Each structure stands twice: as structure tokens, then as C-alpha cells.
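J.: After the C-alpha cells below, expect a handful of questions from me.
The values are calculated or read from the model by the stated rules, or taken from the named source; none is laboratory data. Computed from a predicted structure; not experimentally measured. Glycine gets a Cβ as well: all are built from the backbone with ideal geometry, and neighbour counts include every protein chain shown.
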Amino acid sequence: MSEYRQSPAEALSAVVHRLRARAPVETNENWAPSKLADAVQRVACDESLVRPLASGTGLSAPMVRWALRTTAESFTVDTLSRLRERAGLGGATWPETTNRMRLATVVLAGNVFTACLRPLVLSLLYEVPVLARTSSREASLAEAFVRSLPPPYDAACAITSFARDDDASWEAFFRHADATHVYGSDETLEAIRARTPIGTRFVGHGHGLGVAIVRADADAAVASALALDVAAYDQRGCLSPQEVLVVGTPRAGEAFAERLADALGAVEATLPRGPLPSEVAAASRRWQDVALATGELFARPTAAVAFDPSGMLPFGPGHRHVVVRVLREEDVSRHLATYGRHLKALGLGPSVPPAWIPPEVVPRVSPIGTMQTPPMDAPLDGLPPSEGYLAFVGLR
Amino acid sequence: MSREALARRIADAIDAGDALAPETRDALLADLRAYQAAHVVPYGRLVRGRGPDAAMPTDVFRFARVASHPDTDDVRVFRTSGTTSGARGEHPFADLSLYDRAAKAWASRMLFPEGSMRLVVLAPHEDDAPDSSLSYMLSRFETWFGTETTFCWKDGVLDVDALRHALRTDEPVALLGTSFAFVFAEDALAAEDTRFTLAPGSRVMQTGGFKGRTREIAPAAMLSMLAARFGVGEDRVVAEYGMTELSSQAYETTLVAPTAPRQLRFPAWVRVTAVDPVSLEPLPTGETGLLRIDDAANLDSVCALQTADLARVHADGSFELFGRAPGATPRGCSLAVEEALA
């Protein structure tokens, strides 16, 4: 007697059909935002997740707790309610200007483990069932979030994982998706865009970097605030500052680099860095030696800041390695423009005018000290939160 | 110690060849490092931070001038062929006499032990690539070792007609070129089904990587390909390992020790060490680590260089290469961005 077994792709296809059958996710305005906000709070406070998350991400346990807490803080009932209202979903019926999507798929990256929460919550908030493919490096938070969802959301959200070269699973993943949200490198985005069916809305969030700008008189308090931005997620996120621009003299730049190194040293007491993978440790040593030979290096046990007078030193290997360069005020805009769409976050020190931001870049702009804690309803890559979850049609 | 005194000691070391005692070489290297720490600004900074034995990462040649002399005294600047970050490394020379002395001495021993012969070169002449150290060296080979020399790489492309013509000879030939040029030659010659049987005594020297200019071929496959296409035994194919940042080269021991395992060897005035990738401390003989090269012929730049190449160094000083050390891939978004911006 033979037994029929589903292939992984067939199993995934079944999940897709089950999720689509849940569309639109039944929602009651009175409890939708609070149920979702509560689910986020539950995983954020779940101490049992800390150890596996630390193990899976390579972050320290205090860093994991900090990331969970600061991420959850922005998922408030008020914020979620406002998002629905802004999309015109606050009333009893859907606005005529909106088409209902039946399935959104999400391809998650592995560098910032909390980044999975936003797309999952947004999709459910907008009543669209969602299927997410997790990174091979870290899946436990997304899985825990799904487990924490109450009805009806628990049946409208699923997590999957399959190999990058599993063509059949990719096809099942995309075939009935109305939109797909992809996080990853440009290479990943292009590869997945090529697989996306023509009728599926593709929303890509490519990798990028953060830059901070301070004036010459930036003091130890500014350095402390910036150190938190650098230390968060061990500088592995797209919002992580890799470069600090000091508008002033070389002497001021070098002095700020040392202050920043001291501040990073102090951060270690509360938010220790995770262990360095061996290849990162080797890259760190090489980068530090190059920095030492070409400028000034301020090394601390778990961080390093290079003052780079040449203007050519490459970014560090993440994990709390920062380049500090000096620029004239009139050169800031041109310098930022060279990063183009890759500039994802811009941290501004006191008295730094937003007018320095060139029009061709659309980073998230925030005061230094808040670069890594964006509000969940903030635009991402210049796109509103509803992008790829609601399909608007023309007004009659 | 003065530059002139060091130059004399280096010349003596090169002339001594295999007779150079390791202790003499190491003493020379120590004096060179001290001189360079005092006169080469980036190296001085590194030594102040890391101590007198520090080796300078080769990347520094991309971001700073590495020379003990002002640029007005440059007689030649060799440049690297570029990397993913875009910046090209520069190695300035105030005097090429030690470079020439080193290159000639070791090539005489490892590549042309029988003396001069016909040369066929799959690389640009130095007139076409004045900042290429390889082109400079091969053009010197023309003077030192060539009875007749044909350069088959012109205006950035392979001159297949010139190659075909130059290889149709009954005389032994030294066919010298870059890996990617050999791939171009293979493609062109395979398309017309042309094979050669080079005269006994011929040899093929291939050097350098591919740097994205053509498809990559594994070393073993390259060896078979060259032997089959040009009709020489694999024991007549010699790999060269050189870097713009060096003044000396390593060759495989194939021609001088055909029955021994294929291994690279620098001359006696160069010390090679496998080091731990993080501490940069020397590893026990036979362990794989990052290759540190101390080249005594680098007088006016820095003799102690830290490469990012993985290697195993044997007790006799020969070494095997295992490619570049793996990059720090898990470092998050910035790596991808840096590569995208390059």
C-alpha cells in the first residue's frame, strides 16, 4: 500500500489556499488594534524567547531585551487605530476607493530580528492574510508572534521557510499573492523580483545604511546618544549609522571620534556586544590596522571608531565599528547624495538643519539617539505603511 | 641606518640568493622596518599602535601614500587593478634598481634556469600599461631573457593572429600571461580548434586572478587547460604569485623540482609567515592562516605586508595558497551597500 506524501511546495500551496480563504480577515474596529498590539506586547515580554533569540541572532541577551522592548513600544493601540483611520478603514464598511487584497507574502531578512513584526502586523491590521518566509538565520520571533495571535488573526498568518533554490516553493509562495514585500540585499531583491508574477505587487526594501551628522561642538551627551544608535542590533541594521560626519575642523572631528569611542565603551556596560563571528573578528582587525595607518583609531574592547582624514576608509565590518569624517557644511549635501537610495537613515545632531539633506535621497530623518527606534507607522523607504497592503482604485 | 646602507645590504642579500642566512635576512628586515617606521608615515602610525614588528595591511596602499620619498622623486608608480571598493592601490618607486635586481635574480632561477629563449607574452607591454607592475616585469624579461619577444595583448584585447604566429616555431618558447588572458586565448583558440605542440623546453607561466574580467577557472582546471591547449606537460606550467605592493615574486617550483609537489616559493630575501587572522601572531608551521610577506626588496615603501590571502607555509619556506580569506558576510546592510556603490 502506497502512501501519498505532499511535497514541501504542495504543503505550502495548501497553506496559501487556507490563508486566502480567510480574506478579508474578519475585523471588529473595537478590538482589532488592541488584539494586535497585545500580541506584540506578549512576545516582547516573553522572557523565554530571549535565550533562543540571542543564540539565533548573535546578540547579547540585554540587547535582545532592549530590541524587543523598544520595538514593542511603538506598537500602541492608538498608533494602530490611527493607521486604520488614515487608510479609511475606520468605518463599518470599506471605502469604495480600496480593493481588497486576499494575500500578502513577505520575504524577511535576517539582520534585524524585530523587523518581522511590522509587516505581519500591518498586513493583519489592513485585514489581509499574510504568509512570511523567514530568514534561515532567525525565525523564532516571527513564529512566536504567530503563536501569540488570537482569533481570527491566528488563522490568517503563517510562517514558512524554504531553501533559496527551491523553485517549486517559490512558485507556490507567489502564485496567489496579491502583493509581496521583500527585505534584503539588492541582489536578493532583484532575484525575487524576477520570480514575482506580473500581477503581483512587488514592494522591495533593499539594504542600506545610516549616517549621522553632528556639528563641531557636539559634546559627550551627543556622543552618548549616537553610541546607542551604533550599538543597537550590534550595528547590523539598515538604520545603523556606519559613518559620522562632523561639520567642522579636523581637530573637532578627531575629538568627537574619541568621545564616541568612550561612549561606546560605556554602552557596553548595559548593552554588551554579542560575540564576534571569527570572520568578523578578522575583518575587524584588518579594518582597525588600516584605520590606524591612515588616520586615528580609537579602539575600545568591543567597539572601534576611526577618524578618517583621507575620506576613503571603507565602512567597518559592523558590530560597532564607525568611521568619523570631517566635512565642510557646503559639502554635506553632495556627500549624502552619493549614497542615493541606499541612505536609509540620517541622524541629525543638535542644530543640524534638515536643509542639508539632498532631494534625491529619502532617508528616515531623526534626532541622534533615535535612529534605531523608528515609529512603526513611519514611512519606510519613502513608502507609507499601507503600501502593498491596500490597492487603491481611481475615484469615481 | 641610512637608505644607502640599507640599499647596499639589500643588494647583497639578493646577490647571495640561497646562500643568504635566515638570520641575516631577519636582521635586515628588522632594520628596514625601523627605517620605514621613521620615514613612511602610515607605517610609522601603525608601528606606534601595534609595535615594531607590525605588518601593514595591503589595503593601506589604496588609501594612503606608502613611500619614504616625496612624490616628486617618483620614477614609477605601480597601481593595482582595482577591487570591489573601487580605489586602486599605488606603490611608488624612487628607484627601480632593487626591483629589477630581485625580479631578474629569481626569474633566472625559477623560470629561465636554461637562459634566454623566445618569449610570447599575453599581457600588455609596459608602454601600453605603464602603471602595471606585471607589464613592467614582463617588459624587463624581454630585455633580460628574450631572444625574440612577441606581445600578444594590444589595446585591451588578445591578438590571436600574433599569438598563433608566435607559437608556430620549432624553438622552445616561454609563454607568459595572466589567467584571464589565457581564458580569452582558450576561448579564441578552441573556437577554431587550434592546438599547439610547443617545442621541448617550452614553459607556460600564468599569474594573477580573474577580477571579474572573464569566467573563473579553478587552478587544477587551468593547469590541464594550458597543458592541453599548448602541448606542454603539466610539469612545464609555472604559476607566479606577485603583488603590486611587492618588489619580489614567488614562483612554483615546477621547473626546478619537477618531481616535488607543486608549491610556491619566494627567494631567500623574502620571509613568508602564516598568521592568525585576528591576533596576526605567527601560526605553527603547516597551519593555514593569513599570509604575511616580508619582502626585503621593498626599500622605499614597506617591507612587512599583511595580505588577506589564506596560505599554508611549510618548513622549507614554500607555501600553498587557498584564495582570499572569507569576507565578513554577516556584517549587515553596509557590506551590500558598499559593494553596490563600488
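J.: Consider A:Glu171 carefully, then state whether it is out of contact with any strand residue (DSSP E or B) (no Cβ under 6 Å at 6 or more places or on another chain), touching a residue at least 60 places away in the same chain (Cβ under 8 Å), not basic (Lys, Arg) and not in a strand (DSSP E or B).
T.: Working: out of contact with any strand residue (DSSP E or B) (no Cβ under 6 Å at 6 or more places or on another chain): yes; touching a residue at least 60 places away in the same chain (Cβ under 8 Å): yes; not basic (Lys, Arg): yes; not in a strand (DSSP E or B): yes.
Answer is yes for this residue.
J.: Go through the stretch A:149-163 and report how many residues are surrounded by fewer than 18 Cβ atoms within 10 Å (Cβ to Cβ) and assigned to a helix (DSSP H, G or I).
T.: 2
J.: Specify which of the listed residues (B:Asp170, B:Asp127) is exposed (fewer than 15 other Cβ atoms within 10 Å of the Cβ) and over 24 Å from the mean Cα position of the chain (by Cα).
T.: Just one listed residue meets the conditions, B:Asp170.
J.: Right, here's the next one. So, in the stretch A:203-227, how many residues would count as being more than 14 Å from chain B (Cβ to nearest Cβ) and over 18 Å from A:Ala115 (Cβ atoms)?
T.: Residues in the stretch A:203-227 being more than 14 Å from chain B (Cβ to nearest Cβ) and over 18 Å from A:Ala115 (Cβ atoms): 15 in total.
J.: I'd like to check something: does the stretch A:175-183 contain any residue that is without any contact (Cβ under 8 Å) to a residue 12 or more places away in the chain and surrounded by fewer than 18 Cβ atoms within 10 Å (Cβ to Cβ)?
T.: No, there is no match, as no residue in the stretch A:175-183 is without any contact (Cβ under 8 Å) to a residue 12 or more places away in the chain and surrounded by fewer than 18 Cβ atoms within 10 Å (Cβ to Cβ).
J.: Continuing with the same structure: Any idea which of A:Ser185, A:Ser224 is touching a His at 6+ places or on another chain (Cβ under 6 Å) and either on the phi < 0 side of the Ramachandran plot or of a type in the set (Phe, Trp, Tyr) (or both)?
T.: On inspection, the qualifying residue turns out to be A:Ser185.
J.: Let me ask something additional. For the list (1) of a type outside the set (S, T, N, Q); (2) in contact (Cβ under 8 Å) with a residue 12 or more places away in the chain; (3) facing another protein chain (nearest Cβ under 9 Å), I need the number of the one condition that A:Ala282 fails.
T.: It fails just one condition, (2).
J.: Moving on. Within the stretch A:358-396, which residues are over 28 Å from A:Trp66 (Cβ atoms) and modelled with pLDDT under 90?
T.: A:Pro358, A:Pro359, A:Glu360, A:Val361, A:Leu390, A:Ala391, A:Phe392, A:Val393, A:Gly394, A:Leu395, A:Arg396
Residue by residue, here is whether (1) crowded, with 19+ Cβ neighbours inside 10 Å; (2) over 20 Å from B:Thr307 (Cα atoms) holds:
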{"position": "B:Asp193", "(1), (2)": "no, yes"}
{"position": "B:Gln206", "(1), (2)": "yes, yes"}
{"position": "B:Ala228", "(1), (2)": "no, yes"}
{"position": "B:Ser248", "(1), (2)": "yes, no"}
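J.: Of the residues that sit in the stretch B:271-294 and are in contact with a helix residue (DSSP H, G or I) (Cβ under 9 Å, 6 or more places away or on another chain) and touching a residue at least 60 places away in the same chain (Cβ under 8 Å), which one is nearest to the other protein chains (Cβ to nearest Cβ)?
T.: Checked the stretch B:271-294; the qualifying residue nearest to the other protein chains (Cβ to nearest Cβ) is B:Leu280.
J.: If you check A:Glu138, A:Glu171, A:Glu143, which single one turns out to be under 30 Å from A:Ser7 (Cα atoms) and within 14 Å of chain B (Cβ to nearest Cβ)?
T.: Criteria check complete, one pass: A:Glu138.
J.: Only residues that are among the small types (Gly, Ala, Ser) and either more than 14 Å from chain B (Cβ to nearest Cβ) or over 20 Å from the mean Cα position of the chain (by Cα) (or both): list them for the stretch A:235-272, please.
T.: Within the stretch A:235-272, A:Gly248, A:Ala252, A:Gly253, A:Ala255, A:Ala257, A:Ala261, A:Ala263, A:Gly265, A:Ala266, A:Ala269 qualify.
J.: Let me ask another. I'm trying to understand the selection: among the residues of the stretch A:336-347, which are touching a residue at least 40 places away in the same chain (Cβ under 8 Å), more than 28 Å from A:Arg285 (Cβ to Cβ) and not in a strand (DSSP E or B)?
T.: The answer is A:Leu336, A:Arg341.
J.: To continue, here is another question. With respect to B:Asp26, is the statement that it is surrounded by fewer than 18 Cβ atoms within 10 Å (Cβ to Cβ), at pLDDT 95 or above and out of contact with any Leu (no Cβ under 9 Å at 6 or more places or on another chain) true? Give the derivation first.
T.: Numbers: surrounded by fewer than 18 Cβ atoms within 10 Å (Cβ to Cβ): yes; at pLDDT 95 or above: yes; out of contact with any Leu (no Cβ under 9 Å at 6 or more places or on another chain): yes.
So B:Asp26 fits the description; yes.
J.: Follow-up. Which of the strands (runs of 3 or more DSSP E) contained wholly in the stretch A:282-332 include at least 3 residues that are over 28 Å from the mean Cα position of the chain (by Cα)?
T.: The qualifying strands (runs of 3 or more DSSP E) are A:296-300.
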